[in-house]
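K.L.:
Here's a structure for you.
The values are calculated or read from the model by the stated rules, or taken from the named source; none is laboratory data. None of these values were measured; they are calculated from a predicted model. Cβ sites come from the backbone with ideal geometry, for glycine too, and all protein chains shown count toward neighbours. When the accessible area is computed, the model is the full protein with side chains, heavy atoms only, and any ligands, DNA or RNA have been set aside. Shrake-Rupley method; radii C 1.70, N 1.55, O 1.52, S 1.80 Å.
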Amino acid sequence: IMFLLVAGLIFALINLNRRSKEKTLILAAKAENEQEKIKLEAIAKNAEEKNQFFSNISHDMRTPLNAIIGFSRLAGREQVSDKTRDYLGKIQSSGELLLELINDTLNISKLSSGKLQLKPEPVSCEEIFNAVVTSIREAAYAKDIEFTADKSGVNFPYVMADRLNLQKIIL
């Protein structure tokens, strides 16, 4: 009977020791999971703050930039010398390029935060092709660059796409 009692006690101690180790491991895993959760929350908060910063700065930069572009257009309509008209044209094109960069930064910020809303619709490949070719042809002509475009490889009349973003991608 003593032997069975001692064996039972030893078995109980071993079982208790094993359970104690399991509890310790479980607590350690919980603590590690909690640390990971805190790190992930901090990363998400940091990303959201970064996206909010880009969104705010992009908006704050676009307002005065739109005024610069608009006033350069208005000034270009006035009677000015060719040299001044050239300067105004450069101000306008540089401003529009900077505005596009700012808008792209804002779009990246929206994309990163999951707030970019695409508006897919049936888009005519012919219309997209013509809009893009017209823009590029004008820019090429202004720089005395020969430009040709071939749409013979387009096999379908429509695609489902966000028209504006598709144009931006192609451009």
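K.L.:
Between L40 and L101, take the C-beta separation as r, use R0 = 41 Å, and let me know the FRET efficiency to the nearest 0.05. Mind showing how you got there, number by number?
P.N.:
Working: r = 31 Å, r/R0 = 0.77.
E between L40 and L101, to the nearest 0.05, is 0.85.
K.L.:
Taking a probe of 1.4 Å, how large is the accessible area per residue of segment 100-171, in Å²?
P.N.:
Roughly 76 Å² per residue, with all protein chains present.
K.L.:
Across segment 7-14, in residue order, what do the Karplus-derived ³J(HN,Hα) couplings come to in whole Hz, using 6.51 cos²θ - 1.76 cosθ + 1.60 with θ = phi - 60° and x for Gly and Pro?
P.N.:
5, x, 5, 4, 4, 5, 5, 5
K.L.:
Which whole-number percent gives the relative contact order of segment 21-171, counting Cα pairs below 8 Å spaced six or more residues apart?
P.N.:
Details: 89 pairs, mean separation 34.2, N = 151.
Dividing the mean separation by the residue count of segment 21-171 yields 23 percent.
K.L.:
Taking every pair of distinct Cα atoms and averaging 1/r, then inverting, what Kirkwood hydrodynamic radius in Å comes out for segment 114-171? Show your work: numbers first, answer last.
P.N.:
Details: mean 1/r = 0.0786 Å⁻¹.
With all distinct Cα pairs of segment 114-171 included, I get 12.7 Å.
K.L.:
Rolling a 1.4 angstrom probe over the protein heavy atoms, how many square angstrom per residue are accessible across segment 35-80?
P.N.:
Values: 3640 Å² over 46 residues.
Computed with neighbouring chains in place, this is 79 Å² per residue.
K.L.:
Among [x] -0.98; [y] -1.09; [z] -0.83, which is the computed log10 I(q)/I(0) by the Debye sum over Cα atoms at q = 0.15 Å⁻¹?
P.N.:
Among [x] -0.98; [y] -1.09; [z] -0.83, the one calculated here is [y].
K.L.:
OK, next. Got a sec? Charge dipole of segment 56-126, +1 on Cβ for Lys and Arg, -1 for Asp and Glu; which of S94, I69, H59 is way out at the positive end?
P.N.:
H59
K.L.:
Right, something else. Tell me, what % of the accessible area of the chain is carbon and sulfur with a 1.4 angstrom probe? Working shown, then result.
P.N.:
Values: 8630 of 13850 Å².
After summing per-atom areas, the C and S share lands at 62 percent.
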